[in-house]
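A.B. asks: Here you go, one structure.
What follows draws every value from the coordinates through simple rules; no lab data is involved. Nothing here was measured: the structure is a model prediction, and the numbers come from that model. Neighbour counts run over all protein chains shown; Cβ positions are idealised from the backbone, glycine included.
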Amino acid sequence: MELLTVVVVIAILSTMIIGSWLSIREKARRSSCQNNLKNLHVAMTGYLTDYDNIWPQVSTSNLKDPNYPLSWIAKLQPYKLAPVNWICPSVQAVIGLDYTQYPRLDYLPTPFGTQPRAAFQYAAQPWFIERADIHGDGNLLIFADGAIKSLNEVVRDSQLQTSQ
């Protein structure tokens, strides 16, 4: 009877530890994802500075076209932005495909026109949006001022502003 009690207690404790470990691991991946967005923002700011605040123009807007991610990666590569910075670590853990052989963007750039300062004129429009709600609070977004919010936070903020 005592042995059975010990086994049950160990099983309960291991379940609690595994649950908290998975939660901590996902929080670390979310933090890494936010860091990727910051790196994208810094690279894009450098690009905009060099090109008179004109948003990069890529050859296609078709997300399924293999040239789409390659075009964006090439545009920002001179600003020390590696292909891994376009990849959300949580998405990478789920799908596991090698992003160097199968390039993809887990953070989609917002399309702005060719007018100077267009990316700064619309403060409420994000520069990059995470492709999927992988972290559980809505897709992550980064804005012109460098602020990172989840889609759910943006919706809650807009609802608060309209109710006031």
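A.B. asks: Which entry is the computed P(r) over Cα pairs in 5 Å bins from 0, in percent for this structure: (1) 1, 8, 14, 16, 17, 16, 12, 7, 4, 2, 1, 1, 0, 0; (2) 1, 8, 15, 19, 22, 18, 10, 4, 1, 0; (3) 1, 8, 15, 18, 17, 13, 9, 6, 4, 3, 3, 2, 1, 1, 0, 0?
C.D. replies: (3)
A.B. asks: Hey, another quick one. Within 10 Å of each candidate Cβ there may be at most 11 other Cβ atoms; applying that plus a DSSP loop requirement, which trypsin sites (Lys or Arg not before Pro) in the stretch 19-126 survive? Can you show the working numbers first?
C.D. replies: Numbers: sites: Arg25, Lys27, Arg29, Arg30, Lys38, Lys64, Lys75, Lys80, Arg104, Arg117; in loops: Lys64, Lys80, Arg104, Arg117.
Within the stretch 19-126, the qualifying trypsin sites (Lys or Arg not before Pro) (loop, at most 11 other Cβ atoms within 10 Å) are Lys64, Lys80.
A.B. asks: Compute the helix-to-body angle for 151-163: its Cα long axis versus the longest principal axis of the chain, expressed 0 to 90° and rounded to tens.
C.D. replies: 70 degrees
A.B. asks: For the stretch 112-127, in order, what is each residue's ³J(HN,Hα) by Karplus, 6.51 cos²θ - 1.76 cosθ + 1.60 with θ = phi - 60°, in whole Hz (x at glycine and Pro)?
C.D. replies: Whole-Hz 3J(HN,Hα) from phi for the stretch 112-127: 10, x, 9, 7, x, 6, 4, 5, 9, 6, 10, 5, 7, 9, x, 7.
A.B. asks: Tilt of helix 67-76 relative to the longest C-alpha principal axis of the chain, in degrees (0 to 90, nearest 10)?
C.D. replies: 80 degrees
A.B. asks: Round to a whole angstrom and tell me the spacing of the C-alpha centers of the stretch 54-101 and the stretch 115-149.
C.D. replies: Distance between centres, Cα-based: 16 Å.
A.B. asks: For the pair Asn152/Leu70, report the inter-label distance in nm, with labels modelled 7 Å from Cα in the Cβ direction.
C.D. replies: 3.8 nm
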